[in-house]
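The values are calculated or read from the model by the stated rules, or taken from the named source; none is laboratory data. Fair warning: this is a prediction, and the values are worked out from it, not measured in the lab. Because the Cβ atoms are built from the backbone with ideal geometry, glycine has one as well, and the counts that use them run over all protein chains shown.
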């Protein structure tokens, strides 16, 4: 058995026991069948935004700065409208989304750091679940998160304590309420408080305790990506994993070492195939 096989066995064992918090990034959308109907990376999203609004050349490739410019000079409603248009198409869940949605151990916590609805659509197969979305201080001053029932109706923190499955979308989501953290101002507000955990819901803080994180479709190239991951996984277990193919930047390598994240250098599609094979094997064993 090689190193990757050993790590895979470790991941699958902990997943089935409900001891893992899947942490999804935009790269998970690369698994969607056919051409993904929504932007599947910060680079793709910023190109969509600047195609709709004129933005200075020097910030045209910087998502948060371009979003801030649109917000400042075209109004917040213009930015929200562009984000809504970009993520309006419904995304068919990939096999990975469906696998995670079927993890039986409760309470299940899944973190999804992109704006699409694929993970939420996969969770629709469960009898009961809820969603917690980060919200912009520009639109909801004094409120960090909204609690949403599976039918889209507003919930509350006390109710979330009873949800057997929780989808935490710290950057917001298209569905059901079009909440988006995307501009510099959005993130400055959150980062000012995130060190003391204020923007992170109490139920998320409770459920992450002593659990392992599994990073899928994530990169850690910039400070924002690393800070959100670091703060959301704070006070969890001392062992985590990331499916992270290709060459790492110096900052990524340092971050993995600092957080004790074991890396699987394989395409996410290959990991999804192995994950679904593992699920099929267990299903056959149970049936037998």
Among the residues of segment 99-125, count how many are surrounded by 17 or more Cβ atoms within 10 Å (Cβ to Cβ) and in a loop (DSSP other than H, G, I, E, B). 6
Here are some conditions: (1) buried (at least 17 other Cβ atoms within 10 Å of the Cβ); (2) in contact with a strand residue (DSSP E or B) (Cβ under 7 Å, 6 or more places away or on another chain). Residue 19 meets all but one. Which one does it not meet? (1)
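Scan segment 198-225 residue by residue and report those that are in a loop (DSSP other than H, G, I, E, B) and crowded, with 17+ Cβ neighbours inside 10 Å.
Once the filter is applied, which keeps residues that are in a loop (DSSP other than H, G, I, E, B) and crowded, with 17+ Cβ neighbours inside 10 Å, segment 198-225 yields 199, 200, 201, 211, 217, 218, 219, 220.
Let's see how each residue does on (1) under 18 Å from residue 15 (Cα atoms); (2) assigned to a strand (DSSP E or B); (3) in the same structural domain as residue 100 (by TED's automatic domain parsing); (4) touching a strand residue (DSSP E or B) at 6+ places or on another chain (Cβ under 9 Å):
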residue	(1), (2), (3), (4)
227	no, no, yes, no
235	no, no, yes, no
241	yes, yes, yes, yes
248	no, no, yes, yes
257	no, no, yes, no
263	yes, yes, yes, yes
266	no, no, yes, yes
271	yes, no, yes, yes
274	yes, no, yes, no
